[in-house]
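Report on the structure given below.
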There are 2 protein chains.
Amino acid sequence: MDHYYALIAAGGHGTRLWPMSRAKTPKQMLPLINQESMFRTSVERIQSIFPPEDIFVVTGRELADDLRAEVPQLPRDNFIVEPYAKNTAPALALALATIQTRDPEATVAILTADHHIAQRPKFCQVLESAWQVAQEGYIVTLGIAPSYPATGYGYIEQGAPLGDYNDFAVYHSKRFTEKPDIVRATQFLASGLYSWNSGMFIWRVDRAMKDLERYQPAVYAMCSYLQTAVGTPEYEAKLNDIWETMPKLSIDFAVMEKTDNIAVIPIDIGWSDVGSWASLYDILPQDNFGNCIKGEASDIRVILDTRDTLVFSDRLTVAIGVEDMVVVDTDDVLLICHKDRTQDVKQVVTYLRENGNDDYL
Amino acid sequence: MDHYYALIAAGGHGTRLWPMSRAKTPKQMLPLINQESMFRTSVERIQSIFPPEDIFVVTGRELADDLRAEVPQLPRDNFIVEPYAKNTAPALALALATIQTRDPEATVAILTADHHIAQRPKFCQVLESAWQVAQEGYIVTLGIAPSYPATGYGYIEQGAPLGDYNDFAVYHSKRFTEKPDIVRATQFLASGLYSWNSGMFIWRVDRAMKDLERYQPAVYAMCSYLQTAVGTPEYEAKLNDIWETMPKLSIDFAVMEKTDNIAVIPIDIGWSDVGSWASLYDILPQDNFGNCIKGEASDIRVILDTRDTLVFSDRLTVAIGVEDMVVVDTDDVLLICHKDRTQDVKQVVTYLRENGNDDYL
C-alpha cells in the first residue's frame, strides 16, 4: 500500500447531540463512548495502517488547536485548516489538493471523525482492500450493510460484481441516492442491493483532481491555484480570499452523484454515525434494566424503577419511575427527551439559533 | 377574641420535596407557590386576626434566624427555639408553656408553616369560630373535608353535633385515627363522617397544661419547671439540659388520641399539605398542556410535545416528548421522577442519610 494516506474530516458540528455537542466542543471532541474523544479514537483506530505522518485532518480554524492537542503524535502541518465551514466538497478539495502537493501518487482514505466502528481489525482490512481497488481507477466507497429501513442516510446501489479483494466482495456502484422516504427505504432494504453511504471513501488524488476539474471546475481552479502557494507566506491570505468564493456543496452532490467508475464495498463493521442520543444509547453498555448512566463525577446515583434510559450527568442524579428517556445535564442546559424523539434535538438547536440564543450553541 | 394567639409550628423538614427542600432550606423556607416563602405566607395569612406581637413561632435552633428574617414584623422573642427536633409534643408543650407565662388566659391556634390554604378569608373565619368553641373547654381541631381516600393522612371521626358557630357546623370528635389502609380510607370517605387531620387545632393553654399533666406528666413537669426560668439567664442551660430527656412523641399520640372533649370543625378551605411534588403540581397554575415550568431565571425554555409535567429549573431546560414527570434541577442534584412516584422521594432521602451522603440533605 504505497502512497496511502488517511484524511479525517473533522469539521462537523454534531448538533443532534446538543447540549453536550457545542460550537466549541462539537461531537468529535467529546468522550461519548469511552474516556477519550471520538476524534482521538478515530485516529487510533487506523494507526496500525497509517503512521502518524500519513494521517491528515481537515477542519475549521476554531477547532484546529483543540484537535491538534488531542493527537499530538500527528505533525502540526498535517492539519489542513479551512477558514470556515463550506460543506464537504470545498473542505475535501482543499485537503486533497494539499496532499497532492506532498505526494502526487497519493491514494487517500477519506474517513470520519465522529463515527463509531466496533470492529476495528475488519475496518483496517477493508481499508487495505479498498486501496487495491482504488489503484484500478475507482473511487471506492465503504457501504454499510443496512439493518433497518433508515430514512436518515443516503444509499448506494450496487451493480455488477467487480471481484473479491481479500475477503471483501466489491461491486460497481450504480447510483448514489439521497435520503429516501420510508417506502423507498423499505424497498431498498428488501432488495439487498443497497448500502448506507457512510461518507467514507478511498480516492486517488490524481483522479480526485480530474473529477473536480470535470464536475466542479471553479472549485478545481481555486484549489489548483492554492497548490502553488502551499508553504509560502502568501498561503493564508490567498486561502482566505478564495474561501469567500467557494460554493457550499456536499461532495456527494458535487462529484459522487455525477461521476462514474465508483465501486462499493458493502461491509458490516459495527458502524454507527452516533447521529442522535438514541443511537448513542444503542451502542453504549447498559445495565440489567437497560439503563446507561454516564458522567465524570464519581457521585452516587439513585435510580428506582427506571428502565431503558440514558443519563449523562456529573451531578447526583435521581431517577424514579423513568422509562425510555434521555437526560443530558450540562452546566447551563438540561435536556429531557423521550428516546423516540431524539432527532428533534436538531429543531431545538435551530430554534435557539434563530432566536439569537447563541450562548447555548 | 380576647387572649387569642397564633403559634406556627415551623420545625419540619419537608423531605418529600427534596432536593429543593434541604436541611438548611426546608420546605417552609421555599417560595414554592408564589414569590415568597411558605412560612412568610403562613404568617401573612392570619395577620387580619392576629397582630404581629400575638404570633408565635416554634422551630429549631438552626432555622430560627432565617425564619426571623422572613417576618421581621414579629418580635424576636416570639420565636420559641427548641435545641433540636423532638417531634411535635415536646415542641408544642414548650411553646404553650412559654405562652402561658405571658398570658395565663391564652387560647392558642396551633398552625402549620408549610401548608397551602387557597381560601384565606374562610380560614380566618373558622379560626374565629374555633376560638368560641375553645372557650367552652374543647380542643378544637380543623378537619379537612376529604376529597379522595387518602392513606397518607390521619383521620378524625365526627360524633354528635355540638352546634353551629357562625357559619360552621361543629361536632364532637369521636376518635383520632392513624393513617388507614386503602380499604379503611375508602370506608371513611363513603361514611361522610371523617375529616383529614390537618394538624391545626385551637387549645386554651390552661387546658393544654392540664392535658399534659394527665397524659404526659414528665413532659409537663419539665415544661412547668422551664416556665420559672423564662426570661432568666439560666433559661438556655436549663432548656438544653431538659431537652436531652424529652421523649420523642407526636402530639397526636401524646395527647389527642387519649384525651376527651375534642371538637372538630370539618371545612373546605382549599387546603393542601404540599406533601409531595405531585401535590405541589396540583395546586400550581398549569398551561394549556398541563405543564408548570418554574424557576428563577428568565431563561428561555423549550418544551416540545410535553404534557402534565412540572419543571423547577433555573437553567435552560428542554423537554421533548415528556409526560407526567417531575423534574427538579438544583445546583448539585437533579431529580427526574414520574408524577405517580413522588412519594418515593422520601426513600431516596433515607437512603442518602443511611449512606452518609449528608451533603445532599
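The values are calculated or read from the model by the stated rules, or taken from the named source; none is laboratory data. Predicted model only: the values in this text are computed from it and were never measured. Note that each Cβ is placed from the backbone with ideal geometry, even for glycine, and that neighbours are counted across all protein chains shown.
On inspection, A:LEU280 qualifies as out of contact with any strand residue (DSSP E or B) (no Cβ under 6 Å at 6 or more places or on another chain), more than 9 Å from chain B (Cβ to nearest Cβ) and modelled with pLDDT of 95 or more. Scanning the range B:343-361 for residues that are in contact (Cβ under 8 Å) with a residue 24 or more places away in the chain and touching a strand residue (DSSP E or B) at 6+ places or on another chain (Cβ under 6 Å) yields B:VAL348, B:TYR360.
Among the residues of the range B:151-180, which ones are surrounded by fewer than 18 Cβ atoms within 10 Å (Cβ to Cβ) and closer than 22 Å to B:SER272 by Cβ?
Taking the range B:151-180 as the starting set, the residues that turn out to be surrounded by fewer than 18 Cβ atoms within 10 Å (Cβ to Cβ) are B:151-152, B:159-161, B:163-164, B:166-167, B:169, B:172, B:174-175, B:178-179.
Within the range B:151-180, B:THR151, B:GLY152, B:GLU178, B:LYS179 meet the criteria.
When we screen A:ALA237, A:ALA229, A:ALA221 for residues that are assigned by TED's automatic domain parsing to the domain that holds A:ALA150, crowded, with 16+ Cβ neighbours inside 10 Å and small (Gly, Ala, Ser), the only hit is A:ALA229. Pairing residues of the range A:260-273 that are more than 19 Å from A:PHE176 (Cα to Cα) with residues that are charged (D, E, K, R), at Cβ distances under 6 Å and at least 6 apart in sequence or on separate chains, gives A:ILE269/A:LYS122.
Tally up the residues in the range B:156-209 that are over 24 Å from B:ILE99 (Cβ atoms) and basic (Lys, Arg), please. Adding up the residues that qualify gives 4. Do we find a residue being of a type outside the set (Gly, Ala, Ser), surrounded by fewer than 17 Cβ atoms within 10 Å (Cβ to Cβ) and either under 24 Å from B:MET246 (Cα atoms) or under 14 Å from the mean Cα position of the chain (by Cα) (or both) anywhere in the range B:5-16? Among the residues of the range B:5-16, not one is of a type outside the set (Gly, Ala, Ser), surrounded by fewer than 17 Cβ atoms within 10 Å (Cβ to Cβ) and either under 24 Å from B:MET246 (Cα atoms) or under 14 Å from the mean Cα position of the chain (by Cα) (or both), which makes the answer no. Give the range B:1-25 a look and list any residue that's under 30 Å from B:ARG204 (Cβ atoms) and not hydroxyl-bearing (Ser, Thr, Tyr), or say none. Those that are under 30 Å from B:ARG204 (Cβ atoms) and not hydroxyl-bearing (Ser, Thr, Tyr): B:MET1, B:ASP2, B:HIS3, B:ALA6, B:LEU7, B:ILE8, B:ALA9, B:ALA10, B:GLY11, B:GLY12, B:HIS13, B:GLY14.
Going through the range A:175-187 one residue at a time, which ones are under 23 Å from the mean Cα position of the chain (by Cα) and not polar (S, T, N, Q)?
Result: A:ARG175, A:PHE176, A:GLU178, A:LYS179, A:PRO180, A:ASP181, A:ALA185.
In the set B:ILE293, B:ILE265, B:ILE300, only one residue is at pLDDT below 95 and in a strand (DSSP E or B); that residue is B:ILE293.
Of all residues in the range B:131-149, count the ones that are among the hydrophobic types (A, V, I, L, M, F, W, C) and surrounded by fewer than 18 Cβ atoms within 10 Å (Cβ to Cβ). Step through it out loud before you land on a result.
Let us first name the residues in the range B:131-149 that are among the hydrophobic types (A, V, I, L, M, F, W, C), namely B:131, B:133-134, B:139-140, B:142, B:144-145.
With the extra rule that they be surrounded by fewer than 18 Cβ atoms within 10 Å (Cβ to Cβ), the set shrinks to B:145.
Residues meeting the conditions: 1.
Six or more apart or on different chains, Cβ atoms under 7 Å: show the pairs whose first residue is in the range B:175-201 and assigned by TED's automatic domain parsing to the domain that holds B:ALA9 and whose second is of a type in the set (Phe, Trp, Tyr) and in a helix (DSSP H, G or I). Pairs found: B:PRO180/B:PHE188; B:TYR194/B:PHE188. Scanning the range A:189-198 for residues that are surrounded by fewer than 21 Cβ atoms within 10 Å (Cβ to Cβ) and of a type outside the set (S, T, N, Q) yields A:LEU189, A:ALA190, A:GLY192, A:LEU193. Against the condition β-branched (Val, Ile, Thr), crowded, with 18+ Cβ neighbours inside 10 Å and away from every other protein chain (no Cβ under 14 Å), how does A:ILE242 come out, does it pass? Spelling it out, A:ILE242 is indeed β-branched (Val, Ile, Thr), crowded, with 18+ Cβ neighbours inside 10 Å and away from every other protein chain (no Cβ under 14 Å).
If you go through the range A:294-313 and pick out every residue that is free of Cβ contacts under 8 Å to residues at least 60 places away in the same chain and more than 24 Å from B:ARG16 (Cα to Cα), you end up with 7. So A:SER48 fits all but one of (1) within 28 Å of A:PRO121 (Cβ to Cβ); (2) in contact with a strand residue (DSSP E or B) (Cβ under 7 Å, 6 or more places away or on another chain); what number is the exception? That leaves (2) as the condition not met.
How many of the residues in the range B:296-313 are closer than 21 Å to B:HIS116 by Cβ and surrounded by 15 or more Cβ atoms within 10 Å (Cβ to Cβ)? Let's see the steps before the verdict.
Applying the first criterion (closer than 21 Å to B:HIS116 by Cβ) to the range B:296-313 yields B:296, B:308-312.
Filter once more, keeping what is surrounded by 15 or more Cβ atoms within 10 Å (Cβ to Cβ): B:308-312.
Total satisfying the criteria: 5.
The set of residues in the range B:314-331 being over 12 Å from A:ILE336 (Cα atoms) and without any contact (Cβ under 8 Å) to a residue 40 or more places away in the chain consists of B:ASP314, B:ARG315, B:ASP324, B:ASP331. The requirement of being farther than 30 Å from B:PHE168 by Cβ and modelled with pLDDT of 95 or more is satisfied by B:VAL322.
From B:ALA85, B:ALA130, grab the single residue that is of a type outside the set (Phe, Trp, Tyr), touching a residue at least 40 places away in the same chain (Cβ under 8 Å) and closer than 21 Å to B:LEU249 by Cα.
Values: B:ALA130 fails: closer than 21 Å to B:LEU249 by Cα.
That would be B:ALA85, the only listed residue that is of a type outside the set (Phe, Trp, Tyr), touching a residue at least 40 places away in the same chain (Cβ under 8 Å) and closer than 21 Å to B:LEU249 by Cα.
Taking the conditions exactly as written (assigned to a loop (DSSP other than H, G, I, E, B), under 23 Å from B:VAL133 (Cβ atoms) and among the polar types (S, T, N, Q)), does B:THR259 satisfy them or not? So B:THR259 fits the description; yes. Determine whether the range B:159-169 contains at least one residue that is modelled with pLDDT under 95 and polar (S, T, N, Q). For the range B:159-169, residues modelled with pLDDT under 95 and polar (S, T, N, Q): present.
May I ask you to list the residues in the range A:101-114 that are within 22 Å of A:ASP167 (Cβ to Cβ) and touching a Ser or Thr at 6+ places or on another chain (Cβ under 9 Å)? Show your work before the answer.
The initial filter retains those residues of the range A:101-114 that are within 22 Å of A:ASP167 (Cβ to Cβ), namely A:107, A:109, A:111.
Once the filter is applied, which keeps residues that are within 22 Å of A:ASP167 (Cβ to Cβ) and touching a Ser or Thr at 6+ places or on another chain (Cβ under 9 Å), the range A:101-114 yields only A:LEU111.
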